[in-house]
Amino acid sequence: MTMFEAILLTVATAATPLLIAALGELVVERSGVLNLGVEGMMVMGAVTGFAVAQYTGSAWLGMFAAILAGAAFSLLFGFLTLTLITNQVATGLALTLLGLGASAMIGESFVGLPGIRMNSFYIQGLTDIPYVGRFLFGQDPIFYISILLTIGVAWFLFRTRAGLTLRAVGDNHTSAHALGVPVVRIRYLAVIFGGACAGLAGAQLSLVYVPQWVENMTSGRGWIALALVVFASWRPWRILAGAYLFGAVTIGQLHAQALGIGVPSQFMSSLPYLATIVVLVLISRNKRLTLMNTPTSLGKPFVPDR
Amino acid sequence: MKKLMMALTVAASFAVAGPVLAAEKLKVGFIYIGPPGDFGWTYQHDQGRKELEKELGDKVETTFLENVPEGADAERSIERLARAGNKLIFTTSFGYMDATIKVAQKFPDVKFEHATGYKTAENVSVYNSRFYEGRYVQGVIAAKMSKTGVAGYIGSFPIPEVVQGINSFILGAQTVNPNFKIKVIWANSWFDPAKEADAAKALIDQGVDIITQHTDSTAAMQVAAERKIKAFGQASDMIKFGPETQMTSIVDNWGPYYIERAKAVLDGTWKSHNVFEGMKEGLVVMAPYTNMPDDVKKLAEETQAKITSGELKPFTGPIKKQDGSEWLKAGETADDKTILSMNFYVAGVDDKLPK
């Protein structure tokens, strides 16, 4: 394996959880709901995935359980914000705190156990192609899911009627409601999809990235996924680009350190975040583009008049 | 653990009901920076607490508060333990130093023990561990085992405790291979498993064939196992994460110290002190030497024996600093004050120390 190939693979592993979680949140926000609980749902996915894989011996079952756990957890958020009309920001933050605490409690007996790794694919001939073989044909299943998910979300949002409806709900829930669109039901579905994605992203962490369970193992990745959505101005392909850019800078700075480039490591460690801020500033300079893509009803509560 | 906590709560309520019984028991409190389940730093302190309970049985009663941030919260938490009737309190992170001193002034009859700091008082002791002694042995092993002659070192923060380790590691390695190199990556975090894994991958991709770390998770060990190279564990025995990978691990063994200090309070001989203990006193323990040929194992054991007996001190001259200037003359040994405030690399480290 060449160094180029090795770096490419590491970047993909680092970018995948961000990509998946951000795609989920993108759909949620496109429907007009702001769920700040990504980190909490992700960490719940991580612990559930790990636990189920331990009990059943199957990483696949762990992954599906993680998706269900994320979805179930997001349902709590949906019930509070969509049915009881609580404040979305506060509820999302509470979800994160609850997720971190609950996962620590659930995972207590799993600390210090080696996990079950989800195996990477190996296809005779294809995987051995120099430079790109391992990247294209030799990665773990969740990597391929993340790419399919990007295509799927992009297609759904901009090429299907259902996607159009979802965006309409996010842009103006009152009008959508007047047209007979079931606003709350659509938002529920979007929130559940977002939770399922966050759960899957968590499973990637505890089954592929570092197959083990430790408290707070997401270490803020849910927040980066949230930032990526804005960074990408609510566009799926830009989320892909953003996640890989972030991954590349993260891995790049580690390599630069190992090479002994005389730049302070604290600065290097902050590079991915600096890059995010710079891109955000560049994007927000173009007012028209930003306004065009921001879901207008984002974060606003909707109470159907009967 | 939850059951234990519950048992403690129940025990505490009984203690209120029966003051005669409670008076005979020594209540010992612990403040932890992380969760006991981190499988590293806090885990080992908690193991020490459990050993204390086991050894002294019903003479002691222990409580702990976990995930206490360094800063204002620390003071409140320490005070809470003092008010709850704990007569001996261990505060187990560097950042609790000032909070410990402050609370100690309010509770003169309570004994405090602060880990890894330097401020003492009439009722505040300081205890620290010479982890670097273990690093020296690891350096010797690394230089013997490495084919590329380069080891990777994942650091957390450039504080003396970590710098001591890096320097001691390279000094140990140089006794075997004078041209031995280490590459350092600073994670700027004590605990971020994914980042630690990335750092390990980056180091391996750049040609190191031994990984050692001063961060708290087992992620780097897993990466090393996956890439089929050798590695050292940190803070606890991580052999489960790399049965064919871990060569040894520095295990922080706090139990004997906790037992000794609790006994001292019980028989009234407790005095404030400032100790810096290592292999000799049993604070630094090496996990079994595995995954290496017998001659390397023998050399490692000999090195460990020499450090334990005091015959070998890792920071003994001649040692040059990284910039080539002389630090220690031949035969000269660094004093504890210099070791505890170490903020420079010795010659041979291939990295620029962040300031």
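Each reported figure results from applying straightforward, stated rules to the coordinates on display, with no laboratory input. Remember, predicted model here, so these are calculated numbers, not experimental data. Glycine gets a Cβ as well: all are built from the backbone with ideal geometry, and neighbour counts include every protein chain shown.
A few remarks follow.
- Integer Hz, Karplus 6.51/-1.76/1.60 couplings in order for the range B:74-79, x for Gly and Pro: 4, 4, 4, 5, 5, 5
- Across the range B:282-295, coupling constants 3J(HN,Hα) worked out from phi with the 6.51/-1.76/1.60 Karplus curve, θ = phi - 60°, read x, 7, 9, 10, 9, 5, x, 6, 10, 6, 8, x, 4, 5 Hz, and Gly and Pro carry x.
- Dividing the mean sequence gap of close Cα pairs (under 8 Å, 6+ apart) by how many residues chain B holds gives a relative contact order of 17 percent.
- Volume per residue of the convex hull around the Cα atoms, evaluated for the protein assembly as shown, comes out as 178 Å³.
- Segment B:Lys119-B:Asp336, length gained on full extension (0.36 nm per residue, minus Cα span): 76.7 nm
- Shielding by partners - mean other protein chain Cβ count within 10 Å, residues of B:183-193: 6
- Under 5 Å between amide hydrogens, built in the peptide plane, is the criterion, and for B:Ile89 it picks out B:Gly29, B:Lys111, B:Phe112, B:Glu113 among residues at least 5 positions away or on other chains.
- Listed by chain and number, the aspartates and glutamates whose C-alpha is less than 14 Å from the C-alpha of B:Lys59, apart from same-chain residues fewer than 8 away, are B:Glu24, B:Glu51, B:Glu260, B:Asp267.
- The three principal axes of the C-alpha atoms in the range A:3-293 carry coordinate ranges of 59, 47, 41 Å, sorted with the longest axis first.
- Per-residue ellipticity at 222 nm from helix content only, as computed over chain B with -39500 (n - 2.57) for each DSSP H run of at least four residues, stands at -12500 deg cm²/dmol.
- Entries of B:Lys54/B:Lys195; B:Lys183/B:Lys228; B:Lys280/B:Lys352; B:Lys297/B:Lys337; B:Lys119/B:Lys230; B:Lys147/B:Lys320 with Cα pairs more than 28 Å apart: B:Lys54/B:Lys195; B:Lys280/B:Lys352; B:Lys297/B:Lys337; B:Lys119/B:Lys230
- Scalar couplings 3J(HN,Hα) for the range A:79-89, obtained by applying the Karplus form with A = 6.51, B = -1.76, C = 1.60 to θ = phi - 60°, are 4, 5, 8, 8, 8, 8, 6, 7, 5, 5, 5 Hz; x denotes Gly and Pro.
- Scanning residues 5 or more positions from B:Met342 or on other chains, none has an amide H under 5 Å from its amide H, with H placed 1.01 Å from N in the peptide plane.
- Amide H partners (placed H, <5 Å) of B:Gly155, local residues excluded: B:Ile185, B:Trp186, B:Ala187, B:His214
- Calculated FRET efficiency for the pair A:Leu93/A:Leu289, C-beta based, R₀ 22 Å, to 0.05: 0.15
- Relative contact order %, chain A, counting alpha carbon pairs below 8 Å whose residues are six or more apart: 36
- Estimated [θ] at 222 nm from DSSP helical runs (n ≥ 4, -39500 (n - 2.57)) normalised by residues in chain A, nearest 500: -23000 deg cm²/dmol
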